[in-house]
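The values are calculated or read from the model by the stated rules, or taken from the named source; none is laboratory data. What you see is a predicted model; the values in this text were computed from it and never measured. Neighbour counts are summed over all protein chains in view; Cβ atoms, including those assigned to glycine, are modelled from backbone coordinates with ideal geometry.
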Amino acid sequence: MTEIAVPSSLQEYLTNRAVRLAVDELIKVIDGSNMVAEGWEEARNYNQALLMAAVVRAAQAQFLFDVWDATWGACGAGQLGDEAFDEDMGPEQIWDDREVYRSFKLADRYKSDGDSILFGVGFTTTNEIVIIAILVDEDDDFKEQIDLVEKGFWSAPSCAWKSLPATESANPHASSTGISAADLTSNTPAVIAQLRRHAEKMVKAIIDVRS
């Protein structure tokens with residue numbers, strides 16, 4: 001498997017608050033339509049700043065795609081059922097959500113009743129990287145989903161996962177313990193390997209509970 005590295009532009013964004021604040025503001029005007037410049041050099045610098053912000057945005061998306069492949073993809077999450085691709089995975093959406101995900105409708109052998117599992121990779125508001133599993137009930141029966149959580153649907157993986165039940169606005173989901181940006185950037189291969197082990201436990205738990 002190709003070793004994943006955190007792009008230098010993304011490292012700066014994750015670990016340097018000043019860079020992060022600047023990029024966050026520039027992304028809001030990434031199309032450049034509101035440029036304010038009083039001269040040649042200011043125009044040049046503004047365009048260079050926008051380019052840097054665009055590079056960071058693209059780097060984050062590509063990195064999350066790579067991490068998904070190295071975690072959920074490597075442990076067979078896609079074999080649980082047919083994929084239901086969500087077209088809302090463009091650069092702007094990924095930047096706003098800070099996550100990528102793939103959804104699979106569980107095969108009949110997993111007592112699906114039309115249920116799907118969404119597997120994601122993303123950054124938290126504190127820049128910790130996590131992997132996420134979300135149960136999506138076809139009928140949006142939140143009471144049933146709460147029962148599934150209470151019966152231990154998510155309990156099998158390990159203490160590395162934390163579970164949240166369904167609410168009126170969110171499906172029940174489980175998130176791996178967050179790993180800091182400092183750890184991610186200083187020892188990326190070890191962090192990816194750790195996330196992959198968490199993913200393996202979750203996929204195995206789903207198969208065990210639903211088989």
Please state which one of D24, D66 is touching a residue at least 40 places away in the same chain (Cβ under 8 Å), under 21 Å from A182 (Cα atoms) and of a type in the set (D, E, K, R). D66
Filter pass, W95 being of a type in the set (F, W, Y), over 30 Å from K204 (Cβ atoms) and touching a helix residue (DSSP H, G or I) at 6+ places or on another chain (Cβ under 7 Å): yes
Condition first: acidic (D, E), within 28 Å of V55 (Cβ to Cβ) and either touching a Pro at 6+ places or on another chain (Cβ under 9 Å) or modelled with pLDDT of 65 or more (or both). Can you find one or more residues in the stretch 175-188 that meet it? yes
What tally of residues in the stretch 102-122 results from selecting those that are surrounded by fewer than 14 Cβ atoms within 10 Å (Cβ to Cβ) and either in contact (Cβ under 8 Å) with a residue 40 or more places away in the chain or under 24 Å from I192 (Cβ atoms) (or both)? 2
